[in-house]
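What follows is a set of notes on a single structure, which appears directly below.
Bear in mind these aren't lab numbers, they're just calculated from the coordinates by the rules spelled out. Computed from a predicted structure; not experimentally measured. A quick note on method: Cβ atoms are made from the backbone with ideal geometry, for glycine too, and the neighbour counts reach across all protein chains shown.
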Amino acid sequence: MGGDRRLLGRWGETQTAEWLRARGWRVVAAGWQCRFGEIDLIAVNDKYVAFTEVKLRKNAVFAPARAFVDRGKQERVRTAAQLYLLEHPTELQPRFDVAEVYAPEGMATRKPEINYIEDAF
């Protein structure tokens with residue numbers, strides 16, 4: 001089950017990366033890991049470097065996907081982003097976004113709904 005969930009999570013990240021590219025972003029890292037945790041996607045445009053947490057769910061009946069990005073997760077992403085920026089200096093403004101990916105049929109979903117929240121935390 002854990003492997004299936006990871007595969008599904010990577011699929012959601014790929015869908016979000018394609019969504020970002022279609023809007024002019026350049027994805028510079030996916031699944032970037034350090035000792036503090038993982039950042040799902042790191043993308044840049046002419047103004048921002050966006051550290052994006054991707055949350056995939058079948059639907060929002062129980063709660064919106066963004067609700068699963070709790071304070072602890074936010075802190076881990078912020079800390080990992082600081083390390084990333086130390087290793088990859090930039091003049092771009094950092095931003096923390098959340099992508100909610102809704103895929104009722106999992107990876108068989110032809111067109112997942114993506115709700116992209118800028119400056120989520």
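Which FRET efficiency value, to the nearest 0.05, do you get for Arg5 and Arg78 by plugging their Cβ-Cβ distance into 1/(1 + (r/R0)^6) with R0 = 30 Å?
Here the calculated transfer efficiency is 0.80.
Considering amide H positions built from the backbone, and no H for Pro or chain starts, which residues 5 or more places from Trp32, or on another chain, come under 5 Å of its amide H?
Placed amide hydrogens put Ile39 under 5 Å from Trp32.
Tell me which GluC sites (Glu not before Pro) from region 26-121 have a DSSP coil assignment and no more than 10 other beta carbons within 10 Å of their own.
Glu91, Glu105
Need one number: % antiparallel among DSSP beta bridges in the chain, to the nearest 5.
Around 60 percent antiparallel, to the nearest 5.
Got a sec? Charge dipole of region 1-67, +1 on Cβ for Lys and Arg, -1 for Asp and Glu; which of Gly37, Ala67, Gln15 is way out at the positive end?
Ranked along the dipole, the leading option is Ala67.
Run the helix sum for the chain: -39,500 (n - 2.57) per DSSP H stretch of 4+ residues, divided by residue count, reported at 222 nm to the nearest 500 deg cm²/dmol.
-10500 deg cm²/dmol
Can you spot the lysines whose alpha carbon is less than 24 Å from Lys73's alpha carbon? Ignore those fewer than 8 places along the same chain.
Lys55, Lys58
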